[in-house]
Amino acid sequence: MKTVVNVTVKQHGNIVGCELEAAVIGTWAMDFVHDQLATGKKLRVLTVVDTFSRYVPVLDPRHSYRGEDVVQTLERVCQKAGYPKTIRVDQGTEFVSRDLDLRAYSKGVTLDFSRPGKPTDNAFIEAFNGRFRAECLNQHWFLTLADAREKMEDWRRYYNEERPHGAIGNKVPISLVNSGGATSPPP
């Protein structure tokens, strides 16, 4: 699906309007964020973001994650949202797993690995994770895993459907994903 977006950018000190055309499901960035429940039990949250539209197809908290869990989550999401062309990931064991590699290959998805110890190679997801931590994780105490899922899903819907993003012309991400502005699909 092709989308044209009008954005305002600074060029040589002047503000200029321009149009961007890109495939919405082109590149996703994916990583983990760590947190904990109020009881102290650890949480790992798989975060996935479309780098063009800023759309977040899933925030998936679990107590632990393996490569096959990443595949399971991606399959669930991609059945509804479609498969991206590329997924940018770091060198974490869940991402270099044979399960993820085989599934990506079978679906025609390229895994773009950052260099070891270079989070700036996937700076987009690192910036998103900071925003997610400040606006969601640091604002809530999670009593149970179900409570964490509910609160994160509420924030994900807010982020996708209500929160305008300057980088995409002060639009909400869902407006670039669904031309009719429909609400985001459930994860």
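Computed from the coordinates by the stated procedures, all read-outs in this text should not be read as laboratory data. Treat the numbers as computed from the prediction; the structure is a model and nothing was measured. As a convention, Cβ positions derive from the backbone with ideal geometry for all residues, glycine included, and neighbour counts pool all protein chains shown.
To make sure I understand, if each residue's beta carbon is the centre and we count other beta carbons within 10 Å, what order do Leu46, Leu74 fall in, fewest to most?
Values: Leu46 20, Leu74 26.
If I rank by nearby Cβ atoms, fewest first, I get Leu46, Leu74.
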Fill in: Ascending count of other beta-carbon atoms within 10 Å, so fewest first, for Trp28, Trp141, Trp155
Trp141, Trp155, Trp28
Worksheet item: What is the extension gain from Glu126 to Asp99, computed as 0.36 nm multiplied by their sequence separation minus the C-alpha to C-alpha distance, in nm to one decimal?
Response: 7.3 nm
Worksheet, complete the sentence: Label model pair Ser64, His140: point-to-point distance (7 angstrom along the Cα→beta-carbon line) in nm is 2.4
Item to complete: Averaging sequence separations of C-alpha pairs under 8 Å and six or more residues apart, then dividing by the length of the stretch 74-187, give the relative contact order as a whole percent.
Response: 19
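Can you tell me what the convex hull of the Cα atoms of the stretch 50-187 projects to on average, as an area in nm²?
Working: hull surface 34.7 nm².
In nm², the orientation-averaged hull projection of the stretch 50-187 is 8.7.
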Worksheet entry | Fewest-first ranking of His140, His63, using other Cβ atoms within 10 Å as the exposure measure | His63, His140
